[in-house]
Amino acid sequence: MTISPTPAALRQKLYEDMSPLNLTPLWEVLHALVPPQPNTPCVAAHWSYEQIKPFLKRSGEAITAEEAVRRVLILENPALRGQSAITQSLYAGLQLILPGEVAPSHRHTQSALRFIVEGQGAYTAVDGERTTMHPGDFIITPSWTWHDHGNEVQEPVVWLDGLDIPMIRFFDAGFAENAPLKSQPVERTEGSSFARYGHNMAPVRGDVPFGMTSPIFSYPYTRSREALHAMERSAPLDAYDGFKLRYINPATGGSPMPTLATFMQHLPAGFDGKAWRQTDGAVYSVVEGSGIAYIDSPQGLVRFPFEARDHFVVPSWQSLRLQSTSGCVLFSYSDRPVHQALGIHREERLS
Ligand code: GTQ
């Protein structure tokens, strides 16, 4: 008499026998593949500028901008070490350029944002136009445009690089090339893009220069700060966000870049915000002031006291609550436009 195998043994034998044909059973992984709600491997994390700064300084002693091509310390999600990613879809890094240096011209399909953290007077050049950096400025490098960075002033300049590198890697859609010249020739006077597109007006004829990306490639902090100030005089305080605005592509009203949304918000002194969550994980750069971010993660409630120039990341679908005793200004970016384009964006405002 033969003993029929147990279901477990039968299945195990099936898995082993079909594995050489690159077959695997869905029912063993279905729950993880189609989770009831986002189940990110990312964790909330915080980088204090005071702690990072000595390492930026040492990177300036260890390698030149030219040799490095881009002298950047990557902010890696502690749960994604080795992947050059701060969330599954976003890259973040702090770039240093010293007086007299040039980060040579190249272009790539990845879109980049620069958010100026410390120092002023360095420039970034995009498609023949330079823009001078000041703390709090939000600058864009559109996909596939030539760009180089340079510093012709006396002080070091540090900025946050936010790119869609992991997303482009996911799609295996990355191309890049180096320019023949280290610095691209200047073809337009500084401010000419802003003159044409920065005043709720646009040229009557001709196409926008950068396709789906904003034709404005520098959004100066003076303007963003003034917009928030003006809003505060007239609009009610939002219980979750304080006063928060999104940056737009003036040609479309949509996000400045097809893959990245950017925001700036002011939490007035004494702000004690409510908790909310969204599917788009977000990276924050503290512009001015200080506060506390509470992030509700599966590992428990995380509390990050933050100061100006600090950075922190809030993973997908983990709730965030912001507090500030003295008031603060925060810049942030996420991959929200991609969620929206796919019709899968969700946001939930709690309690
Ligand atoms: O400035 O072009 O942080 O290509 C990473 C990749 C910056 C840049 C980064 C890049 C750049």
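Note on segment 1-125: with charges restricted to the Cβ of Lys and Arg (+1) and Asp and Glu (-1), its dipole about the Cα centre is near 120 debye. Within segment 162-217, which chymotrypsin sites (Phe, Trp or Tyr not before Pro) sit in a loop by DSSP and count at most 13 neighbouring Cβ atoms inside 10 Å? Here the sparse-neighbourhood loop sites are Phe171, Phe175. Our estimate of slack between Ala8 and Phe175, defined as 0.36 nm per intervening residue step minus the Cα-Cα distance, is 55.4 nm. Between Val29, Val287, Val158, the residue with the greatest mean-square fluctuation in the GNM of the chain (Cα pairs under 10 Å linked by springs) is Val29. Projecting each Cα onto the charge dipole of the chain (Lys/Arg +1, Asp/Glu -1 at the beta carbon, about the Cα centre), which of Val117, Thr131, Phe243 comes out farthest on the positive side? Farthest towards the positive end: Phe243.
Remark: the chain carries a charge dipole of roughly 520 debye about the Cα centre, counting +1 on each Lys and Arg Cβ and -1 on each Asp and Glu Cβ.
Report the semi-axes of the equivalent ellipsoid for segment 304-351 in whole Å, largest first, where each axis is √(5λ) for an eigenvalue λ of the Cα gyration tensor.
Semi-axes from the Cα gyration tensor: 25, 14, 9 Å.
Rg over Rh for the chain works out to 1.04, using Cα positions for both radii and the Kirkwood form for Rh.
Projected over all directions and averaged, the alpha-carbon convex hull of segment 202-342 occupies 9.5 nm². Restricting segment 174-229 to GluC sites (Glu not before Pro) that sit in a DSSP loop and have at most 11 other Cβ atoms within 10 Å of their own Cβ leaves Glu187.
What Kirkwood hydrodynamic radius, in Å, does segment 109-201 give when the mean of 1/r is taken over all pairs of distinct Cα atoms and then inverted?
Details: mean 1/r = 0.0695 Å⁻¹.
This gives a value of 14.4 Å.
Ratio of Rg to Rh for segment 43-169, alpha carbon only, Kirkwood?
Ratio value, two decimals: 0.94.
Dipole of the chain (Lys/Arg Cβ +1, Asp/Glu Cβ -1, origin at the Cα centre): which of Gly100, Thr325, Ser183 lies farthest to the positive side? So the residue we want is Thr325.
Of the residues Arg196, Arg277, Arg114, the one that moves most in a GNM of the chain with alpha-carbon contacts below 10 Å is Arg196.
Once you have the Cα-Cα distance between Asp272 and Leu73, take 0.36 nm times their residue separation minus that, and quote the gain in nm to one decimal. List each step's numbers first, then the result.
Values: separation 199, 0.36 × 199 = 71.64 nm, distance 3.26 nm.
Using 0.36 nm per residue and subtracting the Cα-Cα distance, I get 68.4 nm.
The ranking of Ser351, Ser334 by Cβ neighbour count inside 10 Å, starting from the fewest, reads Ser351, Ser334. Sites listed here are trypsin sites (Lys or Arg not before Pro) in segment 19-84 whose DSSP assignment is loop and whose Cβ has at most 13 other Cβ atoms within 10 Å: Arg81. GNM on the chain, alpha-carbon springs under 10 angstrom: the most fluctuating residue among Ala230, Ala269, Ala103 is Ala230.
Averaging 1/r across all pairs of distinct Cα atoms in segment 145-252 and inverting the result yields a Kirkwood radius of 17.7 Å. log10 I(q)/I(0), Debye, Cα-only segment 1-104, no solvent, q = 0.12, 0.13, 0.15 Å⁻¹? Once normalised to I(0) and log-transformed, intensities are -0.66, -0.71, -0.80. Relative to the current alpha-carbon distance between Arg303 and Leu33, full extension at 0.36 nm per residue lengthens the span by 94.2 nm. Among the lysines, select those whose C-alpha is under 23 Å from the C-alpha of Lys274, and discard any that sit fewer than 8 residues away in the same chain. Excluding near neighbours in sequence, the set is Lys244.
Each reported figure results from applying straightforward, stated rules to the coordinates on display, with no laboratory input. As the structure is a prediction and not an experimental result, all values here were calculated from the model. Don't worry about glycine lacking a Cβ; one is built from the backbone with ideal geometry, like all the others, and counts go over all protein chains shown.
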